[in-house]
1. Could you please let me know if residue 219 is at pLDDT below 85, in the same structural domain as residue 271 (by TED's automatic domain parsing) and surrounded by 12 or more Cβ atoms within 10 Å (Cβ to Cβ)?
2. Have a look at 175, 170, 203, 190 and point out the one that is at pLDDT 75 or above and in a helix (DSSP H, G or I).
3. Whether any residue in the stretch 453-462 is of a type in the set (D, E, K, R) and not in a loop (DSSP other than H, G, I, E, B) is what I want to check.
4. Given the conditions (1) outside any helix (DSSP H, G or I); (2) on the phi < 0 side of the Ramachandran plot, report the number of the one that residue 348 does not fulfil.
5. Does residue 147 qualify as being modelled with pLDDT under 85, assigned by TED's automatic domain parsing to the domain that holds residue 373, assigned to a loop (DSSP other than H, G, I, E, B) and under 18 Å from the mean Cα position of the chain (by Cα)?
6. Could you grab me the full set of residues in the stretch 230-255 that are among the hydrophobic types (A, V, I, L, M, F, W, C), modelled with pLDDT under 85 and either in a helix (DSSP H, G or I) or touching a strand residue (DSSP E or B) at 6+ places or on another chain (Cβ under 6 Å) (or both)?
7. Can residue 109 be described as crowded, with 16+ Cβ neighbours inside 10 Å, aromatic (Phe, Trp, Tyr) and at pLDDT 85 or above?
8. List every residue pair whose Cβ atoms sit under 6 Å apart, with the two residues 6 or more apart in sequence or on different chains, where the first one lies in the stretch 392-404 and is touching a residue at least 60 places away in the same chain (Cβ under 8 Å) and the second, anywhere, is part of a helix (DSSP H, G or I).
Amino acid sequence: MKGGVSTGMMFEHIFIETSAILLIASLFGALVLLLRQPLIVAFLLTGIISGPFGLGIITSYENVELLGHIGISLLLFIVGLRLDLHLIRTTGPVALATGMGQIFFTVLFGFIITTAMNMSPIDAIYVSVALAFSSTIIIVKLLSDKKEIGSLHGRIAIGFLIVQDIAAILAIIFLIALGESAVAGEKAVLDIVWIVGKGVTFLGCIGLFMKYVLPGLTGILGRNQEVLVLFAVAWAVFLGAIGDYLGFSKEVGAFLGGVSLASTPYRDAIGSRLVTLRDFLLLFFFIDMGSRLEFTAVGPQLGKAVILSLFVLIGNPIIVMTIMGFMGYRRRTGLLAGLAVAQISEFSLHVAALGVGLGHITGNTMGLITLVVVITIFVSTYMILYSDVLYRVLAPALRIFERKSPYRETETAGECDLTDIDLILVGLGTYGSGVAHNLIKRGKKILGVDFDPQVLGIWESRGMSVMFGDAGDPEFIDQLPLGCSRWFISMIRDRKLNLMIINHLKEIGYEGHVVLSARNEGDAEAYEKAGAHLILRSYRHVAEHASDTITHAMK
């Protein structure tokens with residue numbers, strides 16, 4: 001009986017604690033929404049306020065941490081769901097080159113800067129390694145919120161963040177061996193070989209499941225959506241746990257779980273149902289992260305923290321832009337991908353804690369890394385959310401990071417006349433694809449433009465001319481064969497973006513007709529004032545067509 005009472009009291013305590021945390025998160029969430037600030041800021045503040053340096057509400061850290069880890073698994077699982085092996089092959093080389101190059105140069109320059117600050121070699125190594133790794137969870141969450149996971153820069157960023165996660169495991173082994181005897185160094189090499197072997201085996205087993213087990217299993221489970229989603233959650237958490245057990249991160253395991261289901265016909269149904277659950281559980285990750293931040297030794301480290309934060313916020317994106325520019329990508333793509341490394345991650349705190357535990361560094365160095373984590377996460381969140389504004393301001397200065405011919409993103413239009421293309425159609429989403437399909441049936445020649453390589457591959461296989469690019473980049477619009485078509489159609493339903501497009505077309509003297517897609521009457525009025533020749537009101541047109549169909553059927 002006493003055990004039962006004790007368990008019941010413990011449960012009540014955890015329940016009250018969780019309810020208080022959720023209430024604080026809701027209040028902060030409402031406040032940042034009113035102030036038009038990112039929600040991540042609210043959740044981190046909730047953790048700081050609820051943690052030991054605030055009100056001290058959180059005591060059962062293991063429960064908050066568990067929910068957060070499940071949320072991380074679902075986040076990376078959903079990212080993996082949206083990829084397939086073809087996309088991994090196309091973005092793999094640049095992801096690998098950028099990821100490894102960024103780590104190398106960040107550690108190199110970071111070591112130089114920290115040594116100039118009169119840090120000891122061991123402290124300089126720990127700090128420079130901590131500066132090299134970015135938060136996969138935070139970046140993926142921000143890209144998901146901005147609907148940029150499927151964009152080129154989003155795919156590349158996710159690719160090199162996964163490369164970082166794998167390199168992080170090797171960094172831990174290196175740091176454990178650091179400062180020990182040569183025998184320990186030899187053991188570290190053997191550990192690395194052992195991890196590589198486990199990784200190959202892990203990938204091989206997942207590949208066998210993808211080929212022989214998952215297609216039939218998902219076919220059976222797909223008869224009931226609830227059971228299918230339950231299996232997806234179990235698969236994400238299970239592979240995350242296996243990845244962690246084998247010495248890899250939970251993120252890598254969960255990501256591979258999503259990739260293993262990406263080629264099944266159920267991926268969209270699974271992904272759409274998991275998004276809400278993912279966002280709720282990720283709340284606990286950010287709260288847990290905020291509550292564990294150590295602020296006891298940050299005062300004397302403020303000057304150094306500001307210098308190192310500026311290096312991360314400015315230097316890391318410059319490193320990525322330089323590598324991607326050399327590889328033939330546009331400066332815009334390089335900047336947007338580079339912002340993904342403009343902060344250091346929760347892994348940096350693990351590195352610091354490891355160093356303190358091993359006696360390699362002191363609490364002062366731990367405090368310095370903590371302060372850089374806080375500064376860079378908060379500032380980079382705004383940089384990513386307002387990346388388009390940032391690019392427009394910095395675009396002229398970023399020319400040095402772009403080749404004269406960014407061949408990775410440019411297709412030569414060649415000579416053409418007005419009979420080659422009837423119209424240029426930008427945006428091949430659900431609405432745009434439907435319009436394109438019906439125009440092709442009517443014999444129209446279309447150049448389809450989108451930033452999703454998978455969608456373009458589908459349309460190219462159907463015989464339509466396609467061009468990869470982001471219409472949000474004015475310089476990309478200049479690359480379009482505008483002289484080959486009298487009609488420019490934007491199926492993008494974003495007022496600011498459409499107004500930017502039509503204004504830019506006017507500036508460069510485009511003489512054809514411009515067609516824009518409006519979500520509502522407010523958009524339509526703005527497009528009419530801007531001089532659009534034709535405005536597509538998708539919901540009104542669908543409603544009118546449906547009404548005509550029903551009326552015809554009734555007659």
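The values are calculated or read from the model by the stated rules, or taken from the named source; none is laboratory data. Computed from a predicted structure; not experimentally measured. Positions of Cβ are backbone-derived with ideal geometry, glycine not excepted, and every protein chain shown enters the neighbour counts.
1. yes
2. Result: 203 is the single residue among 175, 170, 203, 190 that is at pLDDT 75 or above and in a helix (DSSP H, G or I).
3. Yes, the stretch 453-462 has at least one match.
4. Every condition holds for residue 348 apart from (1).
5. The answer is yes for residue 147.
6. 252, 255
7. yes
8. Filtered contacts from the stretch 392-404: 398/331; 401/321; 401/325; 401/331; 401/334; 402/325; 402/331.
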